[in-house]
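Structure first, then comments.
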Amino acid sequence: MSLVIHTTCDQVHDQIADFVDGELRGPDVLRMLEHLDTCTACAEEVKTLRQMGDSLRTAAVSEPLPRGVDGLSSAVISRARAEADQSWLAFAARACEDWHWAYVGAGAVAATFVSTLLLSVILAFGPAPARDDSLSALITNLGSSAGWLFLYGTPVGAYGAAASAAESPVLLQVDNGGPAASGVMRALAERTSDGAPSEADLVGALAAEIRREGHAGTFETMRPADRQRVEALLEQITRFRLNDVGGVGTTMLNVHEVRLVTSTSVTAKGL
Amino acid sequence: MWQDLLVKPVRALTWSDAASADWALVQQCAAGDEAACARLMSDHQRMVYQLAFHLLGDAQEALDLSQEVFLRVFRTLPSFRGQSTLRTWIYRIVVNQASNRLRWWRRRHRAQQVPLEEHAAVHGDLPDQRNAAMPDRLLQQREVADRVWGALGQLPFDQRTVIVLREIDGLSYEEIADSLGVAVGTVKSRLARARGTLRAALGGA
């Protein structure tokens, strides 16, 4: 006894192409075969599809292969080899063949390393720059006192009375805190017999300072240290003279004006 | 007595054997083995040329395309991971290259194209010298083939590709889907449309 299941065209229509293409599986194939036994329209559809496939295959077979097909492999391999020879990888491989690029690279790296090391040693242990226009000299200059403070005033009496017309106005330089002042005064004091330098000593020291190299120097041509010594001497001479004129050290001043004179000199190389 | 015979078990050849043979060949080619490359080409060159010819319809173009395909195969072989078979992977490259070439060709030559009717009106129909000396049977076969190629040439590229891969190259739906990078359902619908158009064009061929 066999079980026959009748199927309609609608049920199998969508599967006809799958059947022709061999994509139907197991029970679906059996069902299709049973249907094709009884349905001429669907059988005709299957036949048409198969004929169309046969036509395509026949047309394909009838086309002769050109000669070039069999020689394709040598042409392609030659081109592939030429491309490979021009690739970066091949270039690198050629460069490493005799190691000359490797030597060049290693030499460059070593030279860079040695140069860097040498520069570091020089910077760390080398002598400090002593030039006036060097960076360290500039920093020293900027770190020195801000300038010179001048008072322009008229001495008054010991008891604060109004200034007499006879007394002349004086210009007084206030201590600018220059580091050379105390050193110069100590040196002068040691040279004098009574332990304190006189105005004459100061003037002599000043003359010696500004004529040190056989001609009169100016502030502009002096080195900062010499200039500082000269300024200290001038300041001290001014103090002596003020004491002589009006006893500024013990009296009071009517201050008319206060001036701060400041300057920073930077000498550029080559100027 | 049969018990004394030495029986050597022989394992049947399976798809995985073929895949591993392909894989070994791919590895050798990727390592720059020219003999392996030549073997890979000789195994696939006819397949590649014929597919290119059926998609482009021109022997010289198909030959050029085959060269390009194999160059591309060798360039991209290191990226082949074996997710598909080597054959379907190569098919995919052929289809992509053919599609690119047709697109390029259409852009470049669209302005120079002359409709066939216009050409025939000016120059008259060309005599087919090739068919003059053929026996009747071959002549009839040739005529059918020409009609088939003419109908095939009228199909859109995606439909032509599936019908060629199915009917001429004999790929399964799954292999076609794999080669084209589309779903099996898309393959079936394209195939149905292509068959409908071909049937109308060929009639009783």
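The values are calculated or read from the model by the stated rules, or taken from the named source; none is laboratory data. Quantities reported herein were computed from a predicted structural model and do not represent experimental measurements. Every residue, glycine among them, receives a Cβ derived from its backbone with ideal geometry; neighbour counts consider all protein chains shown.
A:Thr40 versus (1) more than 10 Å from chain B (Cβ to nearest Cβ); (2) at pLDDT below 80: which is the lone unmet condition?
(2)
Can you tell me which residue within the stretch A:24-37, out of those that are buried (at least 18 other Cβ atoms within 10 Å of the Cβ) and free of Cβ contacts under 8 Å to residues at least 12 places away in the same chain, is farthest from the other protein chains (Cβ to nearest Cβ)?
Applying the filter and picking the extreme gives A:Leu36.
Return yes or no: is A:Leu49 within 10 Å of chain B (Cβ to nearest Cβ) and under 60 Å from the mean Cα position of the chain (by Cα)? Can you show your working first?
On the way: within 10 Å of chain B (Cβ to nearest Cβ): yes; under 60 Å from the mean Cα position of the chain (by Cα): no.
In short, no.
Report, by residue number, each residue of the stretch B:150-185 that is within 12 Å of chain A (Cβ to nearest Cβ), in a helix (DSSP H, G or I), buried (at least 16 other Cβ atoms within 10 Å of the Cβ) and not basic (Lys, Arg).
Within the stretch B:150-185, B:Ala151, B:Leu152, B:Val162, B:Ile163, B:Val164, B:Leu165, B:Glu167, B:Ile168, B:Tyr173, B:Glu175, B:Ile176, B:Ala177 meet the criteria.
Among the residues of the stretch B:66-103, which ones are within 11 Å of chain A (Cβ to nearest Cβ) and either crowded, with 23+ Cβ neighbours inside 10 Å or in contact with a Leu (Cβ under 7 Å, 6 or more places away or on another chain) (or both)? Give the steps one after another, and end with the answer.
From the stretch B:66-103, those within 11 Å of chain A (Cβ to nearest Cβ) are B:66-75, B:77; that's our starting set.
Passing the criteria: B:Ser66, B:Gln67, B:Val69, B:Phe70, B:Val73.
Residues in the stretch B:1-18: is at least one surrounded by 10 or more Cβ atoms within 10 Å (Cβ to Cβ), more than 13 Å from chain A (Cβ to nearest Cβ), at pLDDT below 80 and over 22 Å from A:Gly68 (Cβ atoms)?
Let us first name the residues in the stretch B:1-18 that are surrounded by 10 or more Cβ atoms within 10 Å (Cβ to Cβ), namely B:17-18.
Applying the additional criterion that residues be more than 13 Å from chain A (Cβ to nearest Cβ) yields B:17-18.
So of that shortlist, the ones also at pLDDT below 80 come out as B:17-18.
This time we only want the ones that are over 22 Å from A:Gly68 (Cβ atoms), so: B:17-18.
Yes: one or more hits.
Within the stretch B:44-64, track down each residue that is more than 7 Å from chain A (Cβ to nearest Cβ) and either over 17 Å from B:Leu165 (Cα atoms) or in contact with a Gly (Cβ under 6 Å, 6 or more places away or on another chain) (or both).
Correct list: B:Gly57, B:Asp58, B:Gln60, B:Glu61, B:Asp64.
I need the full set of residues from the stretch B:19-39 which are buried (at least 23 other Cβ atoms within 10 Å of the Cβ) and either under 11 Å from the mean Cα position of the chain (by Cα) or within 9 Å of chain A (Cβ to nearest Cβ) (or both), in order please. Working first, answer last.
Taking the stretch B:19-39 and keeping what is buried (at least 23 other Cβ atoms within 10 Å of the Cβ), we get B:29, B:37.
Within the stretch B:19-39, just B:Cys37 meets the criteria.
Here's a check for you: in the stretch A:54-72, which residue that is among the polar types (S, T, N, Q) and surrounded by fewer than 19 Cβ atoms within 10 Å (Cβ to Cβ) is farthest from the other protein chains (Cβ to nearest Cβ)? Can you show your working first?
Step one: of the stretch A:54-72, the residues among the polar types (S, T, N, Q) are A:55, A:58, A:62.
Narrowing the set further to residues that are surrounded by fewer than 19 Cβ atoms within 10 Å (Cβ to Cβ) leaves A:58, A:62.
Details: A:Thr58: 7, A:Ser62: 5 Å.
Once the filter is applied, the top-ranked residue is A:Thr58.
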